[in-house]
1. Defining a contact as two alpha carbons under 8 Å apart and six or more residues distant in sequence, what relative contact order in percent does region 9-131 show?
2. Hey, with R₀ at 35 Å, roughly what FRET efficiency would ASP85 and ARG57 work out to, going by the Cβ-Cβ distance, to 0.05?
3. Using the C-alpha atoms of the chain, what convex hull volume per residue, in cubic angstrom, is computed?
4. Would you kindly derive the ³J(HN,Hα) couplings of region 126-134 from the backbone phi angles with the Karplus curve 6.51 cos²θ - 1.76 cosθ + 1.60 (θ = phi - 60°), listing them in order in whole Hz, with x for Gly and Pro?
5. What's the ranking of 22-35, 62-75 by average number of surrounding C-beta atoms within 10 Å, highest first?
6. With each label point set 7 Å from Cα along the Cα-Cβ vector, what nm distance links ASP19 and ARG92?
7. For the chain, with only Lys/Arg (+1) and Asp/Glu (-1) charged at the beta-carbon, what is the dipole magnitude about the Cα centre, in debye rounded to 20?
Amino acid sequence: MGYSVNKTDAEWRAELGDDQYAVLRTAATERPWTGELLDEERAGLYTCGACDAELFRSGTKFDSGCGWPSFYESVRPEAVELIEDTSLGMVRTEVRCAACGSHLGHVFPDGFGTPTGDRYCMNSVALSFTPDPS
């Protein structure tokens, strides 16, 4: 897929912290229950930690009990890119930012009780949060 935000690996390394780079650019996963945004409850917008593209609204966030921030849908279907991931001996669906291709996490069809039935399980370090003005 062609992305609207294109940078070299050196540019990403210079702009992102070590943890962000590992998750966003090499598809690492932060440890569960450690992310700063897990317990964020304010109204606002979640954006890509690499390029600031809009990804999720706080109204779609829910407590899935998995240890990572979870959402039941993105701000727009075209805001994220879904890719089959067969790593680790299983089949999952990877979620990437559609603007820059950065790894955000995975989506699973186990968001029981949500309007979509989906659980976008995102790494906190892959996201930025801007609260709505009060």
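1. Contact order relative to length: 29 percent.
2. Working: r = 25 Å, r/R0 = 0.71.
My answer for the efficiency is 0.90.
3. Expressed per residue, the convex hull around the Cα atoms of the chain is 117 Å³.
4. So the Karplus estimates, Gly and Pro as x, are 8, 10, 10, 10, 10, x, 5, x, 7 Hz.
5. 62-75, 22-35
6. Spacing of the two 7 Å Cα→Cβ label points: 1.8 nm.
7. Its charge dipole is roughly 120 debye.
Since every read-out is calculated from the coordinates, none of them should be taken as a lab result. Owing to the predicted nature of the structure, the values given are computational and were not obtained by experimental measurement. Cβ sites come from the backbone with ideal geometry, for glycine too, and all protein chains shown count toward neighbours.
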